[in-house]
Amino acid sequence: MRVYVPLTLSSLAELHRMEKLGPAPVTAYAVTPALREWYLSGGEEELEYAALSRAAAASLRLLAAEPGVARRRVVAAADVPDRATVADPDQALLVESLGEVRLTEPVPLHALASVHVDGDEAEPDVTAAADALGAADQGDDDARFVVDGAADHELLWYGVQEIDRLV
């Protein structure tokens, strides 16, 4: 199963150094039955993009919780055995949890397929979004607009062999 793991540049550096992502459990996003049901139309690529986007939003939350890290969203795409993923059935249909899975095993570096990272030009918008996230969660429409601005930036694709250049 292809999963998308939200990270920061500092946790990507740790993954690179340790040659694995973990310890388990690790939160990730995937094309789950609930995600398929939510997006009634769309092919496999669109569903994969939706899971990637959910992971990018989770990466923004990680950035908001760690003020000292570089303000670029990071998502690692990995191929893991189906048995290593668990979806919480009680959360499956909650909009904020769509596609969320828990990885029950650490993910070795060799299981990564790619890494997706914001470009330098996204940093001001991602910084503003991370700073506004708390207010947006409390219903502030202006803050929500700022948070949504980060999603206007597409994550750039990098091969696994390029991680050392990113960190």
| Is it the case that Arg36 is open to solvent by 20 Å² or more (accessible area, probe 1.4 Å) and either within 18 Å of Ala151 (Cβ to Cβ) or part of a strand (DSSP E or B) (or both)? | no
| Boolean, Asp88 is more than 17 Å from the chain's Cα centre (by Cα) and either farther than 20 Å from Met1 by Cβ or at pLDDT below 95 (or both) | yes
| message | Here is a check on your reading of the model: is Ala56 within 16 Å of the chain's Cα centre (by Cα), without any contact (Cβ under 8 Å) to a residue 60 or more places away in the chain and crowded, with 18+ Cβ neighbours inside 10 Å? | response | no
| message | Exactly one condition in (1) among the basic types (Lys, Arg); (2) more than 30 Å from Ala128 (Cβ to Cβ); (3) surrounded by 15 or more Cβ atoms within 10 Å (Cβ to Cβ) is false for Arg72; which is it? | response | (2)
| note | Those residues of the range 15-33 that are assigned to a helix (DSSP H, G or I), under 14 Å from Val75 (Cα atoms) and not aliphatic (A, V, I, L, M) come to a total of 1
| request: Please state which one of Pro81, Pro67 is closer than 22 Å to Arg36 by Cα and surrounded by fewer than 12 Cβ atoms within 10 Å (Cβ to Cβ). | output: Pro81
| For the range 110-150, what are the residues that are touching a Lys or Arg at 6+ places or on another chain (Cβ under 9 Å), open to solvent by less than 20 Å² (accessible area, probe 1.4 Å) and more than 29 Å from Arg165 (Cβ to Cβ)? | Ala132, Ala136
| message | Any residue in the range 34-45 that is closer than 15 Å to Asp88 by Cβ sitting within a Cβ distance under 7 Å of a residue that is at pLDDT 80 or above and not β-branched (Val, Ile, Thr)? List the pairs, counting only those 6 or more apart or interchain. | response | Ala34/Leu98; Leu35/Leu47; Leu35/Ala50; Leu35/Ala51; Leu35/Leu98; Leu35/Gly99
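The values are calculated or read from the model by the stated rules, or taken from the named source; none is laboratory data. Since the structure is predicted, the reported quantities are computational estimates derived from the model, not experimental observations. Counting neighbours? That spans all protein chains shown, and the Cβs are built from the backbone with ideal geometry, glycine included. We work out accessible area using only protein heavy atoms, side chains counted, and drop any ligands, DNA or RNA first. Shrake-Rupley method; radii C 1.70, N 1.55, O 1.52, S 1.80 Å.
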